[in-house]
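Notes for the one structure printed next.
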């Protein structure tokens, strides 16, 4: 199957302790370029997430957004800083002696000093955390790939139609080219007769001139190669897979042959057909840029 490089996927996974939400968006890019935005407490999973994404994505500029909600109420603990409390008390006693003040320090007063009591968040269980996050990422990836496949199918059908239409242009050029030579010979003979009057026409010289002209305008090799490239592109699309780079190369070759045909064209109909051919090739090249 053909995959577009444009895609979107969103998934949520929640249990009694936490909820993960993952969104994945992408546009076309020559390589795989992943940008991940997520809470700091999940940052140590970034490398693992990137490795997981490579199972589903080969090319594209991919943005991943992850949000995390923690439902647990027991993930904080109260920490008592005895050393700091002792320091506070020591200096308070020193102040009372130096300034001859009553020492009215009570436990309730000392406990209110900064950092004597601190609420600390407990480190989460990494395996448990990854278990939920992985499920959310994989579900989002599956939706993301499904959207790419759906868009890729539309791309494939449209490209096949364009390539089939391009074959009709090649057919016309191949059918019209021999007629141009006949018309040229006929015009050349008439012109020679007009110039020579009743004198004998040198058929060998006419044949030579026609041959020289034929060499200049002959596009047989170009049309054969162009037809082959078009058929190969259609076959590649039908076979599917990650074929974006291959199709891009084939499109470049098609464009090269079309340019040569246009440069040799000495007939308005073939020139117009060549222009139509190049227009369709450019459309195909643009669409191919969005295939993985």
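In table form, for the structure just shown:
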{"read-out": "Shape call, segment 43-93: gyration tensor on alpha carbons, a/c limit 1.5", "value": "prolate"}
{"read-out": "Paired Rg and Dmax values of segment 76-121, which use every Cα atom, in angstrom", "value": "12.5, 42"}
{"read-out": "Whole-Å distance, taken between Cα centres, linking segment 218-292 and segment 1-45", "value": "36"}
{"read-out": "Extended-chain gain in nm, criterion 0.36 nm per residue less alpha-carbon gap, residue 119 and residue 289", "value": "55.9 nm"}
{"read-out": "Sites residue 154 and residue 91 - FRET efficiency at Förster radius 51 Å, r taken between beta-carbons, to 0.05", "value": "0.10"}
{"read-out": "Order by protection proxy (mean Cβ within 10 Å, highest first), peptides 40-52, 57-69", "value": "57-69, 40-52"}
{"read-out": "Inter-site label distance for residue 52 and residue 134 at 7 Å from Cα along Cβ, in nm", "value": "0.8"}
{"read-out": "Net lengthening on full extension, residue 16/residue 167 (0.36 nm per residue, minus Cα-Cα)", "value": "48.3 nm"}
{"read-out": "Nearest-0.05 FRET efficiency for residue 104 and residue 35, computed from C-beta distance (R0 41 Å)", "value": "0.10"}
{"read-out": "Translational diffusion coefficient (Stokes-Einstein; Kirkwood radius from C-alpha pairs) of segment 4-139 at 4 °C, 1.567 mPa s, in µm²/s", "value": "69"}
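Throughout, read-outs are computed from the coordinates displayed, never taken from laboratory work. Computed from a prediction, not measured in an experiment: that's the story for all the values here. In this analysis, Cβ positions are derived from the backbone assuming ideal geometry, glycine residues included, and neighbour counts consider all displayed protein chains.
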